[in-house]
Amino acid sequence: MHLAFYLMQNPPNPEQVHKLAVAMMTILPLVILVGLAVVIVPFWFICKKAGFSPWLSLLNIIPFGNLVLIYVLAFAEWKVRPAATAEQMGWPFPPQPPQG
């Protein structure tokens, strides 16, 4: 509110406004790329572990694509392999009691 009153009293210099706009136009794409990377990389690994194509994580780029991807992951059957049993791992787990 105080900024609005200040700008009404002292109009901004057009040259300063131009410099500010150019600075924002150079910084904004970098902020968008970092934000997309923060969202896409975890979904890439989630899709890969769920047995889906990791390229589905790129749905986050389009509007409401994140919501679609979350619904796909939530309600689809995940194609993961079951965990290995103790016999498949090659050692007895838990350890056998001593024979005596």
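Nothing in this text is a laboratory measurement; each read-out follows from the coordinates by a stated rule. Note that the structure is predicted; figures quoted are calculated from it, not measured. Note that each Cβ is placed from the backbone with ideal geometry, even for glycine, and that neighbours are counted across all protein chains shown.
Observations on the model:
- Structure-derived semi-axes √(5λ) of the Cα gyration tensor in Å - corresponding label in [x] 56, 19, 13; [y] 17, 16, 14; [z] 30, 18, 11: [x]
- In the chain, the calculated helix contribution to ellipticity at 222 nm averages -19500 deg cm²/dmol per residue, counting -39,500 (n - 2.57) for every DSSP H run with n ≥ 4.
- Between VAL38, VAL17, VAL80, the GNM of the chain built on Cα springs shorter than 10 angstrom shows VAL17 fluctuating the most.
- Ranked packing of 54-60, 29-35, most packed first, by mean Cβ within 10 Å: 54-60, 29-35
- For the stretch 57-74, 3J(HN,Hα) computed residue by residue from phi via the Karplus equation (6.51, -1.76, 1.60; θ = phi - 60°) reads 5, 6, 4, 5, 6, 7, x, 6, x, 4, 5, 4, 5, 4, 5, 4, 5, 6 Hz, glycine and proline entered as x.
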